[in-house]
Amino acid sequence: MRRYLWSDGWQPTDAPVGEIACADSWRHVDGRTHCLGSHARRFERCTGPLPPGFWEATLRVVGEAGHFFPRVALAEGELRLDVRPAPPARRTTVLGLADAPDPRTAPLVKGPDLARLARFRDNYAPPGADDVVLGDFDETTTGALVGWHGDVLVVPAGVRLPSVTQEQVAERARELGHRVRAGRLRPGMPLWFVNSLHGISPVTRIVGPGGSRAVPAQPGAADWAAWWWAGFRSGG
């Protein structure tokens, strides 16, 4: 991992990142990104105006060769950039249910709860689970959820982080003529895990204290996933 601190541009640093006030991250594929403008707007809603040339400098530092998962953050008044290698995309997802209190303290802002959510996942993810459900299927520790009720796309009605990828999916559903509504997600309906690292990753199984159950598949999920991966473009 490469670390940088903003001081009239990105400067290499070995200093650890302090307490994070807000953050954003995205998958970066050989110089191409997916809806980076939406990630930038979400980040700037928390940080306020950023230095001129911030995003252009960020793209230059991340580079054009390789698969990365960069994260920008505002931490203790400093702008930070971590250029992390991207793991392989997870084509399907197994979710875990935790018999533990919801760890979120700032669910509408990405950043303050990152360390707390990582500890929660490490402590409570059942064996075989990729991630852990938060709230009443509101989201997971690392991504958003959507479900299907027939041809209707259902987004969680509960409190959750505004998700760039979830909004991409909802917008495409509307374009294709699907109704989109807020509601309660349940294990008996087709569910998709979505985020900017893994794209659209259908949930195949849910593991909890009461055992494991299969999640039904939504027809066309592979086509949706291919649509999302086709969206990467230079400067996007």
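The values are calculated or read from the model by the stated rules, or taken from the named source; none is laboratory data. In this text, all values refer to a predicted model and were calculated from it rather than measured experimentally. Backbone-built Cβ (ideal geometry, glycine too); neighbour counts: all protein chains shown.
Restricting attention to segment 198-218 and to residues that are crowded, with 18+ Cβ neighbours inside 10 Å and not in a strand (DSSP E or B), the residue that is nearest to the chain's Cα centre (by Cα) turns out to be His198. Scanning segment 7-20 for residues that are within 29 Å of Gln166 (Cβ to Cβ) and buried (at least 17 other Cβ atoms within 10 Å of the Cβ) turns up Val17, Ile20.
The single condition from (1) surrounded by fewer than 18 Cβ atoms within 10 Å (Cβ to Cβ); (2) under 19 Å from the mean Cα position of the chain (by Cα) that Phe120 fails is (1). If you filter segment 22-59 down to residues that are basic (Lys, Arg) and touching a residue at least 12 places away in the same chain (Cβ under 8 Å), you find that the one that is farthest from Val83 (Cα to Cα) is Arg42. The residues of segment 123-151 that are over 23 Å from Met189 (Cα atoms) and surrounded by 14 or more Cβ atoms within 10 Å (Cβ to Cβ) amount to a single one, Tyr124. Filtering segment 59-112 to residues that are charged (D, E, K, R) and assigned to a loop (DSSP other than H, G, I, E, B) leaves Glu64, Glu76, Arg84, Arg90, Arg91, Asp99, Asp102, Arg104, Lys110. A single member of Val180, Val169 is surrounded by 14 or more Cβ atoms within 10 Å (Cβ to Cβ), over 20 Å from Asp102 (Cβ atoms), in contact with a helix residue (DSSP H, G or I) (Cβ under 7 Å, 6 or more places away or on another chain) and at pLDDT 95 or above, and it is Val180. The set of residues in segment 138-153 being part of a loop (DSSP other than H, G, I, E, B) and of a type in the set (A, V, I, L, M, F, W, C) is empty.
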